[in-house]
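Notes to accompany the following structure.
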Amino acid sequence: MFDRIIAPSLLAADFARLGDEVRRVEQAGADWLHLDIMDGLVVPNISFGTAVVSAVLRHTRLPFDVQLMVRRPNDMLASFVEAGANWLTVHVESEHPDGVRSTLARIRAAGCKAGLALNPKTPLSEAEPFFDAIDLLLIMSVNPGFGGQAFLPATVEKIESAYVRRAAAGLSFRIEIDGGVNRETAAMGLLAGADVLVSGTALFRASDMALAIRELRALPGRDTPNVGAQRVAQF
Ligand code: DX5
């Protein structure tokens, strides 16, 4: 049984008022803050770096869930740990000169939780060999690069598979979804087995962020009694 985590994505914040924005996120009842790091090489956009991460750290006590959408995550791990990352996720599609397992081990050795992310086109089988080495599996529900895109429905099947394979392996890493997550798409993702919801546009553009977070928290999940039993019976 996994408690539900709601992680607003800073990418959708007003960058001119980041201190206010992260305080707003914390006051609205979020669990984590999700921070998208893009280097313009593996995704067609540049977001922000360690200076911004450490600056917003001074305005919140929320855990930082940092996703490195960069070509060579190994080169940047130490600086993001120092900047305040608690959860550090790398893409399986990035370059890992010593192998993905080595990158994940370095994250854990630095005292962070290790995450592995998959783009929509990347099959789950590319992450499965590393399931024993992760604390979080991030299933991207849009092609990364920009906020405000529509959730890709094919993601649901991948979440279902991840949930089933995690249980079969007796493991307990979290399953996170990111991209186009709003009340409707979160409902699909949660029933499929996600337990961490990253949401940018839907939360930052909501007229009442606290209410929007409460609504996400109230949705049934795969582990919700009765709902879960029905879902598991299908497999
Ligand atoms: C894509 C980003 C987005 C962002 C969430 O690269 O990773 O998924 O965090 O933004 P929304 O919720 O607007 O899709």
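Just so you know, all these numbers are worked out from the coordinates, no wet-lab data involved. Computed from a predicted structure; not experimentally measured. Note that each Cβ is placed from the backbone with ideal geometry, even for glycine, and that neighbours are counted across all protein chains shown.
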Residue check, ILE6 touching a Gly at 6+ places or on another chain (Cβ under 9 Å), closer than 19 Å to GLY179 by Cα and in contact (Cβ under 8 Å) with a residue 40 or more places away in the chain: yes
Residues (within 16 Å of the ligand (Cβ to nearest atom) and either assigned to a loop (DSSP other than H, G, I, E, B) or acidic (Asp, Glu) (or both)) located in the stretch 149-158: GLN149, ALA150, PHE151, LEU152, PRO153, ALA154
For ASP75: the one exception among (1) buried (at least 20 other Cβ atoms within 10 Å of the Cβ); (2) acidic (Asp, Glu); (3) farther than 22 Å from PHE173 by Cβ: (1)
